[in-house]
Amino acid sequence: MTEPTNNRLGWMLDNALQMPETLHAILLSADGLLMAHSQTITRDDADRHAAAMSGLQALARSTAEFCGGAISGWQQTVNEFAGGYVFLVAAGPGAYLAVSATDRVDMEAVSFRLQELVQRLGKELTSPPRQGIGSRA
Amino acid sequence: MASARSSEGIYVRATVRTAVKLLVVGHFAVGKTTFVGTLSEIRPLRTEETMTQAAEHVDDLAGIQGKSTTTVAMDFGRLTLNDQLVLYLFGAPGQHRFKQLWKDIATGALGALVLADTRRLEESFDIMGLLEELELPYAVAVNDFDGAPRFPEPELREALDLLPETPLITCDARDRVSSTHALIALVEHLLRRPVREYA
Ligand SMILES: Nc1nc2c(ncn2[C@@H]2O[C@H](COP(=O)(O)OP(=O)(O)OP(=O)(O)O)[C@@H](O)[C@H]2O)c(=O)[nH]1
Ligand SMILES: [Mg+2]
């Protein structure tokens, strides 16, 4: 069960944002529900971005066959904009981490930092299976 | 039902414990994006694109005026029903070419609301079939389009080949109150079912 108000891992995302030129961070379940968000972003916006990231990941994954038969295992999606980036990476079983940054961010450093964060999140993420409707977390 | 939009997540109070993911599905142009937009208490997620001539022969616009865009990925909105229940509404595209994405979006959903149009009821079968394949419980809401024929409920049930327990409601996707009732009918249907574990 995804706990909508329990932002237990939010501090880990806040820590990661100490890196220069990063903006926001969210952690989401593969089915598009928010698991944690940085303090830089409201809950309402984070909910919407979580949903969008799950759709983005699903679409990105579906493009693997465009690479030919041998490719599998989506690892990350990077969106580049005039002025910024969005990084979406796998964060353990059934979870994704999304971080945004300005266009002045050090790409290599950010990649490294994200992997580091994913490792640490992985230790915290023992996500229990979701319960049916009406159950309490 | 509060209609103000929140910016600080005030509707998701600390006591809220249960997040329920629901699908809003239906064939092309049945009103899914309208429905999610009407109900969402936060700014909805939209992935609309202008329809091209390439799709003209594929996506049938007969009887739909003023529609120039179509959803290419998904819709999303959030509705806090009460202190215990927050509904996360995921709208999936209706056209067949998006079937894989549709299945991905369905992951983790507890149930679906199928929007239908009485002028093209037969186009709903595909979607109800997919839901049955995924073993997702659903309710059907007939979206009340201007000038669309109205049928008595037994006739509609027969035309849609619904099980006796499947809820059938009429709504106007542009209207908040009637759309909320459609969702509540789905939620009550889900609550009546035995609790199922979701992995
Ligand atoms: N009269 C009437 N019109 C509606 C209603 N719901 C939606 N519409 C109109 O029908 C058209 C199609 O609605 P959309 O919400 O775009 O439909 P959709 O199912 O999201 O369409 P796709 O994403 O392209 O499959 C729009 O022009 C709406 O304004 C309704 O309840 N009554
Ligand atoms: Mg739409």
Looking only at region A:67-102, which residues are open to solvent by 30 Å² or more (accessible area, probe 1.4 Å) and part of a strand (DSSP E or B)? A:76, A:78, A:79, A:80, A:81, A:85, A:90
Can you tell me which residue is most open to solvent (accessible area, probe 1.4 Å) among those in region B:64-86 that are more than 16 Å from ligand 1 (Cβ to nearest atom) and farther than 14 Å from residue B:46 by Cα? B:84
State whether one or more residues within region B:87-95 are away from ligand 1 (no atom under 16 Å from the Cβ) and in contact (Cβ under 8 Å) with a residue 60 or more places away in the chain. yes
Can you list residue pairs whose Cβ atoms sit under 9 Å apart, with the first residue in region B:27-53 being modelled with pLDDT of 95 or more and the second being within 10 Å of ligand 2 (Cβ to nearest atom) and open to solvent by 40 Å² or more (accessible area, probe 1.4 Å)? Count only pairs 6 or more apart in sequence or on different chains. B:33/B:46; B:33/B:48; B:33/B:69; B:36/B:46; B:37/B:46
If a residue must be over 12 Å from residue A:10 (Cβ atoms) and outside any loop (DSSP other than H, G, I, E, B), how many such residues does region A:32-54 contain? 10
Can you report the number of residues in region A:6-36 which are more than 10 Å from every other protein chain (Cβ to nearest Cβ), open to solvent by less than 50 Å² (accessible area, probe 1.4 Å) and under 12 Å from residue A:98 (Cα atoms)? 10
Suppose we filter region B:132-152 for residues that are in contact with a strand residue (DSSP E or B) (Cβ under 6 Å, 6 or more places away or on another chain) and open to solvent by 50 Å² or more (accessible area, probe 1.4 Å); how many remain? 0
Only one of (1) within 14 Å of chain A (Cβ to nearest Cβ); (2) open to solvent by less than 10 Å² (accessible area, probe 1.4 Å); (3) within 16 Å of ligand 2 (Cβ to nearest atom) is not met by residue B:111, so which one is it? (3)
Given (1) more than 8 Å from every other protein chain (Cβ to nearest Cβ); (2) open to solvent by 60 Å² or more (accessible area, probe 1.4 Å), where does residue A:59 come up short, assuming only one miss? (1)
Of the residues in region B:132-184 that are touching a residue at least 24 places away in the same chain (Cβ under 8 Å), within 14 Å of chain A (Cβ to nearest Cβ) and not aromatic (Phe, Trp, Tyr), the one that is farthest from ligand 1 (Cβ to nearest atom) is B:137
Residue A:64 meets each of (1) closer than 28 Å to residue B:99 by Cα; (2) within 14 Å of chain B (Cβ to nearest Cβ); (3) surrounded by 21 or more Cβ atoms within 10 Å (Cβ to Cβ); (4) aliphatic (A, V, I, L, M) with one exception, condition (3)
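The values are calculated or read from the model by the stated rules, or taken from the named source; none is laboratory data. All values derive from a computational prediction rather than experimental measurement. Counting neighbours? That spans all protein chains shown, and the Cβs are built from the backbone with ideal geometry, glycine included. The accessibility values were calculated without ligands, DNA or RNA, using every heavy atom of the protein model including side chains. Shrake-Rupley method; radii C 1.70, N 1.55, O 1.52, S 1.80 Å.
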